[in-house]
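Quick notes on the structure that follows.
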Amino acid sequence: MKALILSGGHGTRLRPLTYSQQKQLIPVANKPVLFYAIEDVIEAGIKEIGIILGPNKDQVIETVNSVEWDADIEFIYQGDPLGLAHAILVAEEFLGDDSFVMYLGDNILRDGIVQHADKFRSLNPDSLILLTEVDEPQRFGVAELDEWGKVKRLVEKPKVPPSNYALAGIYFFKPVIIEACKNIKPSWRNELEITDAIQWLIDNGYRVEASIVEGWWKDTGKPEDILEANRLVLEEIHPRMDGRVENSKIMGRVVVEAGTVVRDSVIKGPCIIGKNCRIVNSYIGPYTSVGDNCVIEGTEIDDSVILDGSEIVQAGRIVESLIGRNVRIRESNSKPKGYRFVVGDNSNIVL
């Protein structure tokens, strides 16, 4: 079995960050979201991975190639994002006659996909789709199941949902899905929708099974989703102290990476501080991720994601914020507190 991981799209809901970087590369607990997908498919025993590229393709290639993966990775350029089914057609040569899992690269699953891959192999359906229970199914693609758990129908954002099982963005397919993708027409969005392709399978007598996600699942498409995923991942972090701590108080599960100095500060976990940072006279609170090469002085930060290379000096109290790479935030003449930020890369903010 192969894997097709999608790392395209414009990420409009995450602007301004996604003007300068691909949305799947935004880190959660200091790891690009895309890496969670790659790790999941490798854990499921898959050794051939195709990654679909769109905007910022060179950035994705460079980031993925910075790690030595236990798999062969091929990059496939989609160009304009014309739908998930279109991505499959673009990857037809890579997929060949093999079964595959398609994994949306901005999704994170707590428990990975091993049990779902095993179910696909054992049941041997034409498709197996991952579903998760949600409180507001009308916001998602929703599956209607029969009494045996097979998928009867897929409905996109229904006003009256037939169930509360939403599509979780991970799909297992036999090669027949390529025929399905070739037999559907663009939707009102002018995209080839994967839900239409799966419905084509159902309508033409192919077997589509469901597998229910038991642990948490997050689609990291919006700033609040990134922050929530960060909380969920940090909740299970294992403490580690590779940096240097001087005259500071460390409470709870905290990771301090090599080369980082924490001085005259309070760090309260769960949180992670990356490599070669300087934390001075500051408070880093729970559910905060600080990237590599950051400087934080005289500032309180809670429940936030700070990307690499940012400097935050005498900035009062920052909460529930997503701050891009190489951002500068510093105090001017006043000392405001409680600012909330979604800040793009290379920004310069004076408070």
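The values are calculated or read from the model by the stated rules, or taken from the named source; none is laboratory data. Computed from a predicted model, the values in this text were never measured in an experiment. Cβ placement follows ideal geometry from the backbone for every residue including glycine, while neighbour counts extend to all protein chains displayed.
Okay, here's what the table says:
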{"item": "Criterion violated by Ala168 - all others in (1) closer than 25 Å to Glu147 by Cβ; (2) under 25 Å from the mean Cα position of the chain (by Cα); (3) at pLDDT 90 or above satisfied", "result": "(3)"}
{"item": "Residues satisfying the stated conditions in the range 84-95, i.e. outside any loop (DSSP other than H, G, I, E, B), over 23 Å from Ala229 (Cβ atoms) and not charged (D, E, K, R)", "result": "Ala85, His86, Ile88, Leu89, Val90, Phe94, Leu95"}
{"item": "Any hit, the range 96-113, residues being basic (Lys, Arg), farther than 26 Å from Lys31 by Cβ and surrounded by fewer than 18 Cβ atoms within 10 Å (Cβ to Cβ)", "result": "no"}
{"item": "Qualifying residue in the range 258-266 (condition: in contact with a helix residue (DSSP H, G or I) (Cβ under 9 Å, 6 or more places away or on another chain) and not in a loop (DSSP other than H, G, I, E, B))", "result": "no"}
{"item": "Flag for Ser122 being of a type in the set (S, T, N, Q) and within 18 Å of Ile170 (Cβ to Cβ)", "result": "yes"}
{"item": "The listed residue being assigned to a loop (DSSP other than H, G, I, E, B), within 14 Å of Gly83 (Cβ to Cβ), touching an Asp or Glu at 6+ places or on another chain (Cβ under 8 Å) and touching a residue at least 24 places away in the same chain (Cβ under 8 Å), out of Ile184, Ile177", "result": "Ile184"}
{"item": "Residue among Tyr339, Tyr283 that alone is in contact with a strand residue (DSSP E or B) (Cβ under 8 Å, 6 or more places away or on another chain), outside the structural domain of Pro27 (by TED's automatic domain parsing) and modelled with pLDDT of 95 or more", "result": "Tyr283"}
{"item": "Matching residues in the range 64-83 - criterion: being assigned to a helix (DSSP H, G or I) and over 14 Å from Ala37 (Cα atoms)", "result": "Asn65"}
{"item": "Qualifying residue in the range 145-157 (condition: assigned to a loop (DSSP other than H, G, I, E, B), touching an Asp or Glu at 6+ places or on another chain (Cβ under 8 Å) and either of a type outside the set (Gly, Ala, Ser) or surrounded by 23 or more Cβ atoms within 10 Å (Cβ to Cβ) (or both))", "result": "no"}
{"item": "Residue count, the range 96-116 (criterion: hydrophobic (A, V, I, L, M, F, W, C) and either at pLDDT 95 or above or closer than 26 Å to Arg189 by Cα (or both))", "result": "5"}
